[in-house]
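What follows is a set of notes on a single structure, which appears directly below.
The values are calculated or read from the model by the stated rules, or taken from the named source; none is laboratory data. These numbers were taken from a predicted model, which means no experiment stands behind them. Quick reminder, even Gly has a Cβ in these numbers, built from the backbone with ideal geometry, and neighbours come from all protein chains shown. Surface areas here come from the heavy atoms of the whole protein model, side chains and all, with no ligands, DNA or RNA. Shrake-Rupley method; radii C 1.70, N 1.55, O 1.52, S 1.80 Å.
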Amino acid sequence: MYTIYRAFMVVQVIFILIVLNHRTHEAYAERLIQEHTIKFRRPHVRTSEDMEAAENSLREAGKTPAAPKIPFRPTMNKAAYKATKRAAETDTGMSHPIKEFSHALLKPPVLKGINVDGVNQTEAGGSRPPDTHGAVGPDHFVEITNSNIDVYKKSDGSRVKSISLASFFGYTKQPLFDPRCVYDIAGGRWIISAEAFQESLTIQRQFVAVSKTSDPLGPYYVYNGDVNFKNNDDFWDFPQLGVDRKAIIITANIFGPQFYRETRMVVVDKTRLYNGLSAKIKLFIGLDGTLTPPVVLDDNDKTFLVAAVSSGIIRKYTLTYPGGIPVLSSSTITVPAYSVPPNAKQPGTAETLDTSDLRFVNASTQVGNSLWQVHTINVNSLPKPRFYEFNTVTNTIIQSGIISASATSNDWNASIAANADNDVFVTWSSTDPNAGTQAQVRFSGRLHTDPINTISGGSALFTSSTFYNPSTDNPERWGDYSSVTVDPKDPSRAWIVNEKINKSNIWGSRIGEIGF
């Protein structure tokens with residue numbers, strides 16, 4: 001009788017969610033893209049000496065930046081989100097056989113030498129989750145987390161700089177979080193972003209720093225703008241960072257005190273920022289969440305952004321620059337059905353790890369007519385990443401597939417990047433209670449000559465020795481994103497950074513160099 005009742009409840013929840021998804025999709029279809037203009041004033045210049053002096057001053061005064069627990073904000077109603085996650089534990093989601101691919105057929109990347117610990121929770125100031133992110137440049141790898149920036153030499157993996165985001169940006173009024181880092185190969189510049197918690201109900205700041213040279217040790221032009229242009233109780237959250245041939249692009253979800261409202265995007269002329277000039281910013285509102293910008297590898301005159309809006313539908317936005325003015329239009333791509341993933345189970349504990357919603361968590365890669373992305377969905381009642389190569393001309397899928405360490409593993413928190421030849425690299429988090437495997441940092445990928453629709457289960461860069469249980473919460477917050485970026489000096493290689501577990505209550509991070 002209990003089994004019948006439980007099955008009835010699951011069906012009822014799924015029905016409610018289908019209705020909600022249908023209504024949500026209708027709401028998306030009715031959204032109108034609106035445009036506004038705001039300004040970034042002339043920046044202040046931050047040198048390495050300025051940053052170190054600020055850090056020393058904070059330490060001497062005992063005023064280290066606050067270390068908050070950063071909440072996850074789903075774009076669906078919180079109650080619906082919790083119900084969806086519970087239902088996913090018994091709902092099979094997409095039924096899909098997990099194949100063990102022959103290495104004779106596939107040629108995934110392998111470790112190329114550098115495999116080192118990144119910053120940990122204690123060193124980074126205590127915030128959680130870490131939101132591990134970073135980028136590789138000509139001679140360095142830059143890791144950015146809540147709430148620290150760390151720079152490593154590519155030659156040997158040694159850390160040459162570690163400083164708080166507060167000292168880096170020169171801002172201490174509110175904690176900084178949700179950081180991102182991109183190396184613009186075309187411009188030879190580092191772009192680093194982070195947002196601050198609200199200063200008031202009408203003021204919230206988004207920070208963007210651009211390096212003066214290709215050296216990540218500085219100096220930087222540091223910009224900030226009040227992103228609450230309506231001067232109300234809007235909260236700007238989960239900003240994502242992209243770059244194309246003309247602009248730096250930042251997207252963010254907007255929340256009120258209780259509910260998600262919309263997604264917005266700012267587009268700013270990168271040439272003006274690279275020269276330390278003030279800039280007018282084009283602000284687009286009324287967009288679908290969570291909207292993800294790309295890193296564009298070529299001189300395409302169109303830039304494509306995507307959002308996973310409802311099962312079987314990907315919203316695609318096309319950004320163009322007629323007469324140098326940013327213009328946005330939208331369309332849809334039909335994909336196989338998908339649903340919210342269950343949380344990840346860990347060996348030796350009932351504590352689970354939050355696998356987020358259906359969002360794309362990191363920048364796409366755009367090259368030619370291809371756009372590469374990945375998100376975590378429900379496959380056989382397990383969280384699994386599904387990757388896509390979209391054709392941006394025909395709004396169709398070129399290829400797609402499931403990434404899985406094993407048939408029984410929990411896999412999530414995935415990021416993907418491609419080089420100009422469409423060789424692909426991925427990283428993700430993985431556990432396997434059946435095998436006793438604690439949280440891993442995993443990596444894989446595919447050559448453009450591999451059979452389509454396939455990425456192998458790959459390899460473990462690092463395996464944690466214990467489970468994660470830092471609080472009384474269940475599920476526990478896991479990093480909202482990871483990062484993989486292609487080496488500008490050798491496109492057959494990439495660098496990854498992802499979360500690991502140092503102790504049951506302390507997160508760590510791991511950095512690795514992989515390649516074909």
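Which of the aspartates and glutamates could a cross-linker bridge to Lys82, judged by Cα under 19 Å and excluding same-chain residues fewer than eight apart?
Asp91, Glu351, Asp354, Asp357, Asp473, Glu476, Asp480
At a Förster distance of 35 Å, what's the computed FRET efficiency of Asn391 paired with Leu277, Cβ-Cβ distance as r, to 0.05? Mind dumping the intermediate values first?
Working: r = 37 Å, r/R0 = 1.06.
That pair, Asn391 with Leu277, gives E of 0.40.
I need the per residue convex hull volume for the stretch 390-516, using only the alpha carbons, in cubic angstrom as a whole number.
Dividing the Cα hull volume of the stretch 390-516 by its residues yields 124 Å³.
Considering only protein heavy atoms, what is the solvent-accessible area of Ile313 at a probe of 1.4 Å, reported in Å² to the nearest 10?
We get 30 Å² for Ile313.
Taking 0.36 nm per residue of sequence separation and subtracting the Cα-Cα distance, how much length would be gained by fully extending the chain between Leu111 and Lys39, in nm to one decimal?
On the way: separation 72, 0.36 × 72 = 25.92 nm, distance 4.40 nm.
Result: 21.5 nm gained on full extension.
Over the Cα atoms of the chain, how large are the radius of gyration and the largest Cα-Cα distance (Dmax), in Å?
21.4, 70
Calculate the spin-label point distance for Ala61 paired with Ser400, positioning each point 7 Å from the Cα along the beta-carbon direction, and give it in nanometres.
So the two model labels end up 5.2 nm from each other.
Give the cross-link partners of Lys173 among the lysines, using a straight C-alpha distance below 16 Å as the criterion and excluding same-chain residues fewer than 8 apart.
Partners found: Lys63.
Exactly which GluC sites (Glu not before Pro) in the stretch 86-175 are in a DSSP loop and have at most 11 other Cβ atoms within 10 Å?
Here the sparse-neighbourhood loop sites are Glu100.
Sorted by accessible area (1.4 Å probe), largest first, how do Ser200, Ser509 line up?
Working: Ser200 50, Ser509 0 Å².
The ranking, largest first, comes out as Ser200, Ser509.
Taking 32 Å as the cut-off for C-alpha to C-alpha distance, list the pairs among Lys78/Lys345; Lys282/Lys384; Lys154/Lys345 that go past it.
Lys282/Lys384; Lys154/Lys345
How large is the Kirkwood hydrodynamic radius of the stretch 234-320, counting all unique pairs of alpha carbons, in Å? Write out the running numbers ahead of the final one.
Details: mean 1/r = 0.0730 Å⁻¹.
Roughly 13.7 Å, rounded to one decimal.
Given the pairs Lys246/Lys316; Lys153/Lys212; Lys69/Lys212, which are separated by over 22 angstrom at their Cα positions? Mind showing how you got there, number by number?
Numbers: Lys246/Lys316 19 Å; Lys153/Lys212 19 Å; Lys69/Lys212 33 Å.
Lys69/Lys212, as the Cα separations exceed 22 Å there.
Counting Lys and Arg as +1 and Asp and Glu as -1, each charge on the Cβ, what is the dipole of the chain about the Cα centre in debye, to the nearest 20?
Working: 52 positive and 50 negative charges, 114 e Å.
My answer is approximately 540 debye.
Over the stretch 145-256, what portion of Cα pair distances is larger than 24 Å, expressed as a whole percent? Intermediate results must be reported in sequence, preceding the final value.
Working: 1651 of 6216 pairs.
Roughly 27 percent, rounded to a whole number.
Straight distance only, please: which aspartates and glutamates reach the Cα of Lys39 with their own Cα at less than 18 Å, same-chain residues fewer than 8 apart left out?
Reachable aspartates and glutamates: Glu195, Asp226, Asp269.
Along the Cα-to-Cβ line of Ala53, 7 Å from the Cα, sits a label point; which residues in the stretch 152-178 have backbone N less than 15 Å from it?
So the set is 167-171.
Fully extended, how many nm does the chain gain between Asp226 and Ser465 (0.36 nm per residue separation, minus their Cα-Cα distance)? Intermediate values should be presented prior to the final figure.
Working: separation 239, 0.36 × 239 = 86.04 nm, distance 4.28 nm.
Stretched fully, the Asp226-Ser465 segment lengthens by 81.8 nm.
How much length is gained if the chain between Arg245 and Ile163 is pulled fully straight, taking 0.36 nm per residue apart and subtracting their Cα-Cα distance, in nm to one decimal?
Working: separation 82, 0.36 × 82 = 29.52 nm, distance 3.02 nm.
Gain on stretching Arg245 to Ile163: 26.5 nm.
Return the carbon/sulfur percentage of the accessible area of the chain, one whole number, probe 1.4 Å, all protein chains in place.
Values: 10170 of 19440 Å².
Ligands and nucleic acids excluded, carbon and sulfur give 52 percent.
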